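J.: Here it is: the structure, laid out below.
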């Protein structure tokens, strides 16, 4: 459904994001030559890589996510890595990051995926240039289609949907990444028991109240926060202290997103706020239903231009 109008503004936002390729290796792990580190978190480091059998002058076209050594004896961290590997191989979808190879039975633990071209949605939003509304709806629809596949094919909840886990190509193709927090609805774990928690700004209120079982509605709430941020240019709730942020998500109603964007169609605002409903049962019934609604809104927004 991409059009020239969609592609152009996205490419503009990526103008300064193109990485510089370096060929000198920084190390190796298993059959992989690590070219350079792309990012790191408390749990893992992500490297640009190529197979050891590849000539050093050939471009690196893979990423290897390596669990940091300090977590090699932590059962939860290892289980997160194993689950991410299982999901990446189990569910095949154009908007889900695949896992091509993995070593998750013994240290060093790592996952291998194809290198994606583009930037994270978080980086795009940080540039401060709002995307056109049809493009916003298009990107979010792709993410929701990925969630529908994850929910229906694997019976799993992503549990960490946020702009930092959405990768967007220069052409606007969105990919949902990072399955480390994914779990089934039957698993009732309080968020604070995780080795690293998903960003609290995007976590559904029921996740942070107790050991209440999660549901697909948790992912839909995170989609609502992301969509609100993309449209309004800010999060629905902001606070310096985690406890205060949790309270806001549990108790407060966000400002209507139409207050931030003059002329925002009412049906778009309605969807945003239904996704952000405090009660899970008041949110849309499924990711597939949200994808269908986004498709209609996307078409209507284009026809109104």
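The values are calculated or read from the model by the stated rules, or taken from the named source; none is laboratory data. What you see is a predicted model; the values in this text were computed from it and never measured. Every residue, glycine among them, receives a Cβ derived from its backbone with ideal geometry; neighbour counts consider all protein chains shown.
J.: Can you name the residue in the range 245-270 that is loosely packed, with under 13 Cβ neighbours inside 10 Å and over 25 Å from residue 142 (Cα atoms) and is also modelled with the lowest pLDDT among such residues?
T.: Here the residue is 262.
J.: Restricting attention to the range 78-99, does a residue exist that is part of a strand (DSSP E or B) and either touching a strand residue (DSSP E or B) at 6+ places or on another chain (Cβ under 7 Å) or touching a residue at least 24 places away in the same chain (Cβ under 8 Å) (or both)?
T.: Yes - at least one qualifying residue is present in the range 78-99.
J.: Just to check your reading of the model, which residue among 269, 239 is within 30 Å of residue 187 (Cα to Cα) and without any contact (Cβ under 8 Å) to a residue 24 or more places away in the chain?
T.: So the residue among 269, 239 that is within 30 Å of residue 187 (Cα to Cα) and without any contact (Cβ under 8 Å) to a residue 24 or more places away in the chain is 239.
J.: Something else about it: Quick one: which of 146, 84, 122 is surrounded by fewer than 21 Cβ atoms within 10 Å (Cβ to Cβ), within 14 Å of the chain's Cα centre (by Cα) and closer than 18 Å to residue 179 by Cβ?
T.: Criteria check complete, one pass: 122.
J.: Follow-up. Can you find a residue that is loosely packed, with under 14 Cβ neighbours inside 10 Å and assigned to a loop (DSSP other than H, G, I, E, B) anywhere in the range 271-278?
T.: No: the range 271-278 contains no residue that is loosely packed, with under 14 Cβ neighbours inside 10 Å and assigned to a loop (DSSP other than H, G, I, E, B).
J.: Consider residue 248 carefully, then state whether it is within 20 Å of residue 174 (Cα to Cα) and either part of a helix (DSSP H, G or I) or touching a residue at least 40 places away in the same chain (Cβ under 8 Å) (or both).
T.: Criteria not met by residue 248.
Residue-by-condition table, conditions (1) over 13 Å from the mean Cα position of the chain (by Cα); (2) not assigned by TED's automatic domain parsing to the domain that holds residue 61:
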{"position": "90", "(1), (2)": "yes, no"}
{"position": "95", "(1), (2)": "no, no"}
{"position": "110", "(1), (2)": "yes, no"}
{"position": "131", "(1), (2)": "yes, yes"}
{"position": "160", "(1), (2)": "no, yes"}
{"position": "167", "(1), (2)": "no, yes"}
{"position": "179", "(1), (2)": "no, yes"}
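J.: Looking at residue 58, is it touching a strand residue (DSSP E or B) at 6+ places or on another chain (Cβ under 7 Å) and either loosely packed, with under 15 Cβ neighbours inside 10 Å or part of a loop (DSSP other than H, G, I, E, B) (or both)?
T.: Yes.
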